Amino acid sequence: MAESPAKVQKAGGGRSCCVCNERRAALKRPKTLEQICRECFFAVFEEEIHQVIMQNQLFKPGERIAIGASGGKDSTVLACVLSELNRRHNYGLDLFLLSVDEGITGYRDDSLETVKRNEVQYGLPLKIVSYKDLYGWTMDEIVKIIGLKNNCTFCGVFRRQALDRGAALLKVDKLATGHNADDIAETVLLNILRGDIARLSRCTAITTGEDGPIPRCKPFKYTYEKEIVIYPDNFAELVC
Ligand SMILES: Nc1ncnc2c1ncn2[C@@H]1O[C@H](COP(=O)(O)OP(=O)(O)OP(=O)(O)O)[C@@H](O)[C@H]1O
């Protein structure tokens, strides 16, 4: 779980930003512990993701890319940053939002409203695929039959396939997800505890499924969850 933005350490009073040396530092960066101002934080956050994209050759000009959009913080920030970097650096990508509606009342219906706002805000076409349409069952209906035990396993498998089917409908070349450095660290630990050596060797790759129909990539592989939380909307709470 991400720490609340208010708990992320504020910068010490009156110090200047370690990047620009001009403005007053507004927070201590969770990733580097540097004292940094608001403007420089945004700039380095975005620049680091741009460098990850370039160094790992995540995308090629002209590609159609679906962003797995759950309406949560990670994929919302991913949509915002990718559309900005695509414009700023002329990646030449056609970006789309792809959402899976699992049919969980009071959960996904709420977050899909966020995705619909993102569609307008970032001007990215949105495709929603639902378990009901794809499989004939909503997650609520499945839980009524199988109960709460193991339903996460079903849901995870269905979502994975639903994302592939949605990506195929959009005819995209790749799917980008909002998995961040903390998610990857969690998966590493889980695979160690399970003794799953095969998954352990695969789970840190920035791009997976290159031999399958739709490769997936994680532009936030090196991005700390705490920094995603403070970018951009919650920043105001941190300002000293
Ligand atoms: N229902 C969904 N529709 C589309 N993409 C999804 C969906 N659920 C998850 N994803 C993709 O998988 C990534 C990791 O999902 P996870 O469920 O682990 O959530 P998370 O780490 O809380 O991310 P987020 O904050 O984006 O929800 C998300 O960032 C998103 O790109």
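Criterion first (within 13 Å of the ligand (Cβ to nearest atom), without any contact (Cβ under 8 Å) to a residue 60 or more places away in the chain and not aromatic (Phe, Trp, Tyr)) does Gly123 satisfy it? No. Residues in segment 48-63: is at least one of a type in the set (Phe, Trp, Tyr) and surrounded by 14 or more Cβ atoms within 10 Å (Cβ to Cβ)? Yes, there is a match, as at least one residue in segment 48-63 is of a type in the set (Phe, Trp, Tyr) and surrounded by 14 or more Cβ atoms within 10 Å (Cβ to Cβ).
A count restricted to segment 70-80 and to residues that are more than 7 Å from the ligand (Cβ to nearest atom) and among the basic types (Lys, Arg) stands at 0.
If the condition is being in contact with a Leu (Cβ under 7 Å, 6 or more places away or on another chain) and more than 23 Å from Pro61 (Cβ to Cβ), then segment 154-177 contributes Ala162, Leu163, Arg165, Gly166. Only one of the numbered conditions (1) assigned to a strand (DSSP E or B); (2) surrounded by fewer than 21 Cβ atoms within 10 Å (Cβ to Cβ); (3) not polar (S, T, N, Q) is violated by Asp110, and that is (1).
Look at segment 98-114: where a residue is at positive phi and a partner is more than 7 Å from the ligand (Cβ to nearest atom) and among the β-branched types (Val, Ile, Thr), sitting 6+ places away or on another chain with Cβ atoms under 8 Å, you get Gly103/Thr138. Which condition from (1) near the ligand (Cβ under 10 Å from one of its atoms); (2) in contact with a strand residue (DSSP E or B) (Cβ under 7 Å, 6 or more places away or on another chain) is the one that Asn180 breaks? Of the numbered conditions (1) near the ligand (Cβ under 10 Å from one of its atoms); (2) in contact with a strand residue (DSSP E or B) (Cβ under 7 Å, 6 or more places away or on another chain), the odd one out for Asn180 is (2).
Name the residue, out of Ile53, Ile67, that is within 16 Å of the ligand (Cβ to nearest atom) and outside the structural domain of Arg165 (by TED's automatic domain parsing).
Numbers: Ile67 fails: outside the structural domain of Arg165 (by TED's automatic domain parsing).
Just a single option satisfies the conditions, and that option is Ile53.
Considering Gly92, Gly62, Gly14, the condition of being of a type in the set (Gly, Ala, Ser), modelled with pLDDT under 95 and either more than 18 Å from the chain's Cα centre (by Cα) or within 30 Å of Arg165 (Cβ to Cβ) (or both) is satisfied by Gly14 alone. For Ser83, state whether it is surrounded by 15 or more Cβ atoms within 10 Å (Cβ to Cβ), more than 10 Å from the ligand (Cβ to nearest atom) and in contact (Cβ under 8 Å) with a residue 12 or more places away in the chain. Yes: the conditions hold for Ser83.
Is it true that Ala168 is within 17 Å of Ile128 (Cα to Cα), in a helix (DSSP H, G or I), within 13 Å of the ligand (Cβ to nearest atom) and among the aliphatic types (A, V, I, L, M)?
Working: within 17 Å of Ile128 (Cα to Cα): yes; in a helix (DSSP H, G or I): yes; within 13 Å of the ligand (Cβ to nearest atom): no; among the aliphatic types (A, V, I, L, M): yes.
So Ala168 does not fit the description; no.
Checked against the criterion of being away from the ligand (no atom under 14 Å from the Cβ), under 27 Å from Leu78 (Cα atoms) and among the polar types (S, T, N, Q), segment 130-148 has no qualifying residue.
The values are calculated or read from the model by the stated rules, or taken from the named source; none is laboratory data. These figures come from a predicted structure and were not determined experimentally. Every residue, glycine among them, receives a Cβ derived from its backbone with ideal geometry; neighbour counts consider all protein chains shown.
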